[in-house]
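Here is the structure we will look at, set down as structure tokens.
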Amino acid sequence: MESEVKPFYGVQLPRHIAIIMDGNGRWAKNRFLPRTAGHHAGVSSVRKVIEYCGSVGVKALTLFAFSSENWRRPQQEVSVLMGLFLATLEKETAKLHKNNMRLRVIGDRTAFGFELQEKIASAEHLTFDNTGLNVVIAANYGGRWEITDAVRRLASQVVDGTINPEEITTEVFASNLNLADLPEPDLFIRTGGEKRISNFLLWQLAYTELYFTDTLWPDFDETELEEAIKDYSGRQRRFGYTGEQVEKFFIHNDGLR
Ligand code: IPE
Ligand code: IPE
Ligand code: MG
């Protein structure tokens, strides 16, 4: 696993940041607007965090855009969210590419309309070789779905005889999940005040530092993100070791995996 961490204003920079972008509906409600106005406003925060992460040298940014449970919302809201996803992809892909960023989408995309599936595939294809920030959009994503999907694939390999059950170690299992090529998230941020994971990256968040803010997603910006990174950089990650072991053998938060 890559362990290079760039110093940034004297703080430890997370390699991978994962964000639950929550609070769009309440942001709109506070302004007597329809919930969907909050989703539209949230797009500018997405743009800001992508630009910021790209400029400071974060390696990966994973954004939770639509959960596998969000289909339960009113049909009109779901269709606005799908339309917004499509429009944003159309508008922003060229810029991501120009900035050497790689885009990928995790989640069960087979539930999306044909046009959206096509746009996702072409954006992923276009940016595949880019070496800058990895921008990951979790859409129709659920942590339980991802784990179940990996189990299903491994089970069929056992049936095929290509793998023995004893060979299924933690590492082998993890290599069957999304984002296996990226470091696990160092920092998790949830905006909107709720303190829960809501079926986001269940496996990958095992040792991630959690940060919650009451700020609603459309109000989240570079200053807020910087605040979260500063908070993260002051923490001692122990990964099961004692604090004394960490102080003695490791510099900062890195090198423990
Ligand atoms: C997050 O904002 C966006 C999505 C879940 C798609 P919400 O729409 O959940 O906003 P609140 O939580 O109702 O305020
Ligand atoms: C989580 O937010 C999903 C996204 C931000 C896309 P929700 O608003 O759906 O989560 P719950 O329902 O409050 O747990
Ligand atoms: Mg919400």
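No lab work stands behind these numbers, since they all come straight from the coordinates. All of these numbers come straight from a predicted model, not from anything done at the bench. Cβ sites come from the backbone with ideal geometry, for glycine too, and all protein chains shown count toward neighbours.
Note on Arg72 and Asn30: their simple-model spin labels are 2.5 nm apart, each label 7 Å out from Cα toward Cβ.
For the pair the stretch 25-56 and the stretch 158-202, the centres of their Cα atoms are 28 angstrom apart.
Every helix of 4 or more DSSP H residues in the chain counts as -39500 (n - 2.57), and over all residues that averages to -13500 deg cm²/dmol at 222 nm. Comparing Cα centroids, the stretch 79-155 and the stretch 217-246 end up 27 angstrom apart. A cut-off of 5 Å between modelled amide H atoms, ignoring neighbours fewer than 5 places along the same chain, links Val105 with Ile137.
Filter the chymotrypsin sites (Phe, Trp or Tyr not before Pro) in the stretch 63-128 to those in DSSP coil with at most 13 other Cβ atoms within 10 Å of their Cβ, and list the result. Counting only loop positions with at most 13 other Cβ atoms within 10 Å, the chymotrypsin sites (Phe, Trp or Tyr not before Pro) in the stretch 63-128 are Phe128.
The convex hull defined by the C-alpha atoms of the chain has an orientation-averaged projected area of 15.2 nm². Scanning residues 5 or more positions from Thr62 or on other chains, those with amide H under 5 Å from its amide H are Ile17, Ala18, Ile19, Val136, with H placed 1.01 Å from N in the peptide plane. For the stretch 148-248, the list of GluC sites (Glu not before Pro) that fall in a loop by DSSP and count at most 15 other C-beta atoms within 10 angstrom reads Glu194. Subtracting the Cα-Cα distance of Arg152 and Ala174 from 0.36 nm times their residue separation leaves 6.6 nm of extension gain.
Think of the stretch 138-227 as a dipole: +1 on every Lys or Arg Cβ, -1 on every Asp or Glu Cβ, centred on the Cα centre; then among Gly143, Tyr207, Leu187, Gly143 lies furthest on the positive end.
Put a dot 7 Å past the Cα of Glu226, heading toward its Cβ, do the same for Gln245, and the two dots end up 3.7 nm apart. Pairs of Lys residues in the stretch 26-164, spaced 8 or more positions apart or belonging to different chains, with C-alpha separations under 23 angstrom: 12 in total.
Share of Cα-Cα pairs in the stretch 1-116 beyond 16 Å, in percent?
Above the 16 Å cut-off, the stretch 1-116 has 67 percent of its Cα pairs.
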